[in-house]
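Data first, discussion second: the structure below is written as structure tokens.
The values are calculated or read from the model by the stated rules, or taken from the named source; none is laboratory data. A quick note: this is a predicted structure, and the numbers were derived from the prediction, not measured. Methodologically, a virtual Cβ is constructed for each residue, glycine included, from the backbone with ideal geometry; neighbour enumeration extends over all protein chains shown.
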Amino acid sequence: MKVVILAGGFGTRISEEGYLKPKPMIEIGGQPILWHIMMSYSYYGFNEFIICCGYKAHIIKEYFTNYYMYHSDMTFQFEKNDVTIHNSYAEPWTVTVVDTGLNTMTGGRLKRVREYIGNSSFMLTYGDGVCDIDLNELYAFHKKHHKMVTLTAIQPGSRFGALDIDENNHVRKFAEKKVDGSGWINGGYMVIEPELINHISDDSTVFEREPLEYAAKTDNLIAYKHDGFWQCMDTMRDKNYLESIIEKGRAPWMKWNEK
């Protein structure tokens, strides 16, 4: 199954680093948060990625171009103009990096990568949040309920798009922003049927508005409730918090370190 990651953000609220690189390339624990997200999917066997770039897309392309080099020890023999690569392990990933436009909205980015997705279910998430969700359980939940969209619902008590969820986990209403500090919100980590892309008009479409609102109105949006760890990286405070729990060895999303 393919995993689409929205990685085109400006990162304006992390101004100390956001002006230098796309937000998904800001590092925590010595690696871009994008790498952490991909490692989480890879842990559960999802290794085919489509990265939707925008702001400073070339930095993401350069990262994957040189990924092999970044993660290996190397010996340079300058007189011979020779490079020897040691312990050359790399993740079993297939990565498609697509420049989906500087000012394209989230829905528009998804529409622009339609040709790479194919006709099967796919996963979608944002390039700035980590979570300890069991992705195989998420996918099984999606297949069981036969909806167009399954999204991961979390309760951080903050500032995101609110969900009105009934007793069967069906999302009756999707609102882009919360009106109070309680309830369930969209935490990303979605499973989607490709026909939803037909309800994206153009580059100006915000995925969290018309497409998800349409899915909710037609009873095609269901929530997988996750009460474990979830954290986005919107601000330097968020980044510092993620750094601190990595340093303490308490990063619950880094399950690959438990092997």
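Tell me yes or no: at least one residue of the stretch 55-75 is in contact with a Lys or Arg (Cβ under 7 Å, 6 or more places away or on another chain) and outside any strand (DSSP E or B).
yes
Report yes if Lys147 is among the basic types (Lys, Arg), surrounded by fewer than 15 Cβ atoms within 10 Å (Cβ to Cβ) and at pLDDT 90 or above, otherwise no.
No; evaluated as a whole, the condition is false for this residue.
Here are Gly101, Gly157, Gly129, Gly161: which of them is over 23 Å from Ala215 (Cβ atoms), modelled with pLDDT under 95 and in contact with a helix residue (DSSP H, G or I) (Cβ under 9 Å, 6 or more places away or on another chain)? If you could, list the steps in order and put the result at the bottom.
Working: Gly157 fails: in contact with a helix residue (DSSP H, G or I) (Cβ under 9 Å, 6 or more places away or on another chain); Gly129 fails: over 23 Å from Ala215 (Cβ atoms); Gly161 fails: over 23 Å from Ala215 (Cβ atoms).
Residue meeting the stated conditions: Gly101.
Among the residues of the stretch 24-39, how many are out of contact with any strand residue (DSSP E or B) (no Cβ under 8 Å at 6 or more places or on another chain) and part of a loop (DSSP other than H, G, I, E, B)?
Residues flagged as out of contact with any strand residue (DSSP E or B) (no Cβ under 8 Å at 6 or more places or on another chain) and part of a loop (DSSP other than H, G, I, E, B) within the stretch 24-39 amount to 2.
Can you tell me how many residues in the stretch 212-249 are outside any helix (DSSP H, G or I) and either under 17 Å from Gly127 (Cα atoms) or out of contact with any Ser or Thr (no Cβ under 9 Å at 6 or more places or on another chain) (or both)?
Going through the stretch 212-249, the residues outside any helix (DSSP H, G or I) turn out to be 218-235, 248-249.
Filter once more, so that each one left must be either under 17 Å from Gly127 (Cα atoms) or out of contact with any Ser or Thr (no Cβ under 9 Å at 6 or more places or on another chain) (or both): 218-220, 227-235, 248-249.
Looking only at that region, the number is 14.
For the stretch 46-56, does any single residue satisfy the condition of being surrounded by 13 or more Cβ atoms within 10 Å (Cβ to Cβ), farther than 22 Å from Pro252 by Cβ and polar (S, T, N, Q)?
No, the conditions are met nowhere in the stretch 46-56.
Report, by residue number, each residue of the stretch 201-214 that is aliphatic (A, V, I, L, M) and either more than 20 Å from the chain's Cα centre (by Cα) or over 17 Å from Thr152 (Cβ atoms) (or both). Give the derivation first.
Narrowing the stretch 201-214 to residues aliphatic (A, V, I, L, M): 206, 212.
Result: Val206, single match.
Any idea which of (1) of a type outside the set (Lys, Arg); (2) out of contact with any Leu (no Cβ under 6 Å at 6 or more places or on another chain); (3) closer than 19 Å to Met38 by Cα is the one Tyr126 doesn't satisfy?
If we test Tyr126 against (1) of a type outside the set (Lys, Arg); (2) out of contact with any Leu (no Cβ under 6 Å at 6 or more places or on another chain); (3) closer than 19 Å to Met38 by Cα, just (2) comes out false.
Take the conditions surrounded by 12 or more Cβ atoms within 10 Å (Cβ to Cβ), among the small types (Gly, Ala, Ser) and at pLDDT 95 or above and apply them to Ser72. Does it pass?
Answer is no for this residue.
Return the pair list, or none, for Cβ contacts closer than 7 Å from residues in the stretch 91-105 that are buried (at least 17 other Cβ atoms within 10 Å of the Cβ) to residues that are polar (S, T, N, Q), at least 6 apart or on different chains.
Short answer, once both residue conditions are applied: Met105/Ser204; Met105/Thr205.
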